[in-house]
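The values are calculated or read from the model by the stated rules, or taken from the named source; none is laboratory data. Quantities reported herein were computed from a predicted structural model and do not represent experimental measurements. Virtual Cβ from ideal backbone geometry, glycine too; neighbours counted across all protein chains shown. For the accessible areas, the whole protein counts, side chains as well, though only heavy atoms, and no ligand, DNA or RNA atoms are used. Shrake-Rupley method; radii C 1.70, N 1.55, O 1.52, S 1.80 Å.
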Amino acid sequence: MSLFPEGRRSLTAYAYQLGPAFAYQPAHRYIAADIDVSEGVWLDIGCGPGWLAIFAGAGKPELDVIGIDTSKTMIGIAENNKAGRLNITFREMSGADIVYPAHTFDVVTAVQTAHHWQDPAAILTEAYRVMKPGGKLYIYEADPDAQVPADWIRRRGVWPTDGVLRRRWKKWGMDQARWNGLKAAVLASPFGQAASADPDENISDERHGFYRRMVCTRPA
Ligand SMILES: C[S@@+](CC[C@H](N)C(=O)[O-])C[C@H]1O[C@@H](n2cnc3c(N)ncnc32)[C@H](O)[C@@H]1O
């Protein structure tokens, strides 16, 4: 049996767990606190090592949080990080093919994963389908031009510096052109096209910490 069953993807997942996932933990705490849902069901698409799901569900027995990711290794890391918390579940699954029935989730999040999506239209359609009427999808992508709020990053000594973070975000976040492309995909999805949708009302484009954020509400 191979130590790294997914090969290169596994190595990337372990590197992410030790690097960015460590550094972004305060950011994930702020996102969980800002969304501030304490009951119902929350889906995190592209959960990676699982910290957002873990912070979202901490101390909230009335809330079930489900993190999904296409990487089996990431799901294994997330399972380890959750340390037995019962209201948090991680499953290997694509956001483009979610096994849950329609109208299951109160909140859907997608943090720093949209830049990986091969078929954003399929994921947005699925996010809409599984969301309860009135539920919200939060999409976050790091902005290469944003300032780095000091308390949003956990550092080992002075590492990572602000300069290193911004260089990473140029590579892995979304510049304005890519963000505009994602927004166009959101507008073309059921969030913008459903009969009851009013994109001016139910899609907002804003900033939170060092992220660009889109909040897409499924009309009630
Ligand atoms: C940069 S990591 C971000 C992880 C986590 N959300 C965070 O903020 O730390 C991006 C993750 O998205 C996952 N991913 C990419 N495409 C996906 C898809 N279609 N469905 C679910 N997960 C996906 C990748 O496997 C990877 O773990």
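Of note:
- Our Cα-only numbers for the stretch 7-80 put the radius of gyration and Dmax at 12.4, 38 Å.
- Mean ellipticity per residue at 222 nm, deg cm²/dmol - from DSSP H runs of n ≥ 4 across the chain, formula -39500 (n - 2.57): -11000 deg cm²/dmol
- Listed by chain and number, the aspartates and glutamates placed with their C-alpha closer than 17 angstrom to that of residue 72 are 6, 44, 92, 97; residues fewer than eight positions away on the same chain are left out.
- Highest average packing first - 70-80, 163-173, Cβ atoms within 10 Å: 70-80, 163-173
- Burial order of peptide ranges 55-64, 111-120 (average beta-carbon count within 10 Å, highest first): 111-120, 55-64
- Percentage relative contact order, the stretch 1-142, counting C-alpha pairs under 8 Å, at least six apart: 22
- Beta bridges per DSSP with both ends in the chain, % antiparallel, nearest 5: 40
- The stretch 59-136, Rg to Rh (Cα coordinates; Rh as Kirkwood inverse mean 1/r): 0.96
- Eligible lysines near residue 136 by straight Cα distance, threshold 20 Å, same-chain separation 8 or greater: 60, 183
- Accessible surface of the chain, 1.4 Å probe, proportion on carbon and sulfur as whole %: 53
- Sorting the segments 33-41, 99-107 by their residues' average number of neighbouring beta-carbon atoms within 10 angstrom, most packed first, yields 99-107, 33-41.
- Over the stretch 111-196, the alpha carbon radius of gyration divided by the compact-protein estimate 2.2 N^0.38 Å works out to 1.32.
- Candidate residues 126, 201: accessible-area rank, largest first, probe 1.4 Å: 201, 126
- Surface exposure of the chain, expressed per residue as accessible area with a 1.4 Å probe, stands at 48 Å².
- In summary, the convex hull built on the alpha carbon positions of the chain has an orientation-averaged projected area of 12.2 nm².
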